[in-house]
Amino acid sequence: QVQVVESGGGLVQPGGSLRLSCAASGSIFRIETMGWYRQAPGKQRELVTTITRGGSTNYADSVKGRFTISRDNAANTVSLQMNLLKPGDTAVYYCNADCVVGSYWGQGTQVTVSS
């Protein structure tokens, strides 16, 4: 059993910042890639950013230069620093842990960007 838990969402004004955190625990042998995805109302879930065990990162074009992903392999955690937030960033953000034994998702955390 693997648990993935996100935290750090909330309401922020346009131009503001938020930091999301995610921790994976349980029967984890090895996590290869961790990432953040988001789903806005009426839209499909989309990739935000991923980071490999070796530290290679990938970002959606819409967040490049504003969001930064980081990871602690020993603690099985990943964080997402979000700056210069826009109303279009409003969504439920999901953490994903791609493990040797399977791919696991958190329950999601709401991020709302509004004045």
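The values are calculated or read from the model by the stated rules, or taken from the named source; none is laboratory data. What you are looking at is a predicted structure, and each value in this text was computed from that prediction instead of being measured. Glycine gets a Cβ as well: all are built from the backbone with ideal geometry, and neighbour counts include every protein chain shown. All accessible areas refer to the heavy atoms of the entire protein, side chains included, with ligands and DNA or RNA removed. Shrake-Rupley method; radii C 1.70, N 1.55, O 1.52, S 1.80 Å.
Odds and ends about this structure:
- Of all residues assigned to the range 84-107, at least one qualifies as being part of a loop (DSSP other than H, G, I, E, B), closer than 26 Å to GLY26 by Cβ and either touching a Leu at 6+ places or on another chain (Cβ under 9 Å) or at pLDDT 95 or above (or both).
- Scanning the range 30-57 for residues that are out of contact with any strand residue (DSSP E or B) (no Cβ under 7 Å at 6 or more places or on another chain) and of a type outside the set (Gly, Ala, Ser) yields PRO41, LYS43, GLN44.
- Within the range 91-109, the set of residues being hydrophobic (A, V, I, L, M, F, W, C) and over 16 Å from ARG19 (Cα atoms) comprises ALA97, CYS99, VAL100, VAL101, TRP105.
- Those residues of the range 1-41 which are over 15 Å from the mean Cα position of the chain (by Cα) and modelled with pLDDT of 95 or more, in sequence order: LEU11, VAL12, GLN13, PRO14, GLY15, GLY16
- Options GLY54, GLY102, GLY15, GLY35: the member that is in contact (Cβ under 8 Å) with a residue 12 or more places away in the chain and over 20 Å from GLN3 (Cβ atoms): GLY15
- Here the strands (runs of 3 or more DSSP E) wholly within the range 1-42 that include at least 3 residues being open to solvent by less than 40 Å² (accessible area, probe 1.4 Å) and either of a type outside the set (S, T, N, Q) or over 16 Å from PRO87 (Cβ atoms) (or both) are 2-7, 18-26, 31-39.
- Test: residue in the range 58-79 that is over 19 Å from GLY106 (Cβ atoms) and hydrophobic (A, V, I, L, M, F, W, C): yes
- Meets criteria (in a strand (DSSP E or B) and open to solvent by 50 Å² or more (accessible area, probe 1.4 Å)) for THR68: yes
- Lone qualifier among VAL78, VAL63, VAL111 - being open to solvent by less than 20 Å² (accessible area, probe 1.4 Å), more than 22 Å from VAL5 (Cα to Cα) and either in a loop (DSSP other than H, G, I, E, B) or touching a Ser or Thr at 6+ places or on another chain (Cβ under 8 Å) (or both): VAL63
- Taking the range 46-57 as the range and being under 12 Å from the mean Cα position of the chain (by Cα) and open to solvent by 50 Å² or more (accessible area, probe 1.4 Å) as the test, the residues that pass are GLU46, LEU47.
- Evaluation of LYS86 against (1) open to solvent by 40 Å² or more (accessible area, probe 1.4 Å); (2) within 15 Å of the chain's Cα centre (by Cα); (3) closer than 14 Å to VAL111 by Cβ (one fails), failing number: (2)
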